[in-house]
Amino acid sequence: MEKIKLKVTVRNKVGNGAARELRREGMIPAILYGPKAEPVMLSVITKELENILKTSNIGQVLLDLLIQNGKQTSRTAMIKELQTQPVSGSLLHVDFY
């Protein structure tokens, strides 16, 4: 199984306006959740995620999320859900598990 590194940052703003602002800046909102862990709101650089999706088999990839929030921590995750815009196919939101 592949394990690919992906840099993400913690985000503080929530809602539609904040998500649109992130997308204008070339990032997409994401969330990391799992058992026995608090959900963490993240933002991912769109180009990096698109490159990972193009070069790997999405069903068989593990991501090593490098979470930056003052200090850098690492969590292993996989993509649970990927939301796309129906007409253009652009990425809207990612759920990591």
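The values are calculated or read from the model by the stated rules, or taken from the named source; none is laboratory data. This one's a predicted model, so the numbers in the text were calculated from it and none came from an experiment. Reconstructed Cβ throughout: ideal geometry from the backbone, glycine too, with neighbour counts over all protein chains shown. Ligands, DNA and RNA are excluded from the accessible area calculation, which covers all protein heavy atoms including side chains. Shrake-Rupley method; radii C 1.70, N 1.55, O 1.52, S 1.80 Å.
If you scan the stretch 59-92, which residues turn out to be within 13 Å of residue 8 (Cα to Cα) and under 13 Å from the mean Cα position of the chain (by Cα)?
Those that are within 13 Å of residue 8 (Cα to Cα) and under 13 Å from the mean Cα position of the chain (by Cα): 63, 64, 65, 66, 67, 68, 75, 76, 77.
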Conditions (1) open to solvent by less than 40 Å² (accessible area, probe 1.4 Å); (2) under 18 Å from residue 3 (Cα atoms); number of the one not met by residue 78: (1)
Scope the stretch 1-26; condition open to solvent by 100 Å² or more (accessible area, probe 1.4 Å), without any contact (Cβ under 8 Å) to a residue 24 or more places away in the chain and farther than 18 Å from residue 90 by Cβ; matching residues: 13
Can you name every residue in the stretch 38-97 that is β-branched (Val, Ile, Thr) and without any contact (Cβ under 8 Å) to a residue 40 or more places away in the chain? 40, 45, 55, 58, 73, 79, 84, 87
Return the residue satisfying two criteria in turn: it lies in the stretch 29-70 and is in a helix (DSSP H, G or I) and charged (D, E, K, R), and of such residues it is surrounded by the most Cβ atoms within 10 Å (Cβ to Cβ). 48
Being under 13 Å from the mean Cα position of the chain (by Cα) and not β-branched (Val, Ile, Thr) narrows 5, 13, 36, 54 down to just 5
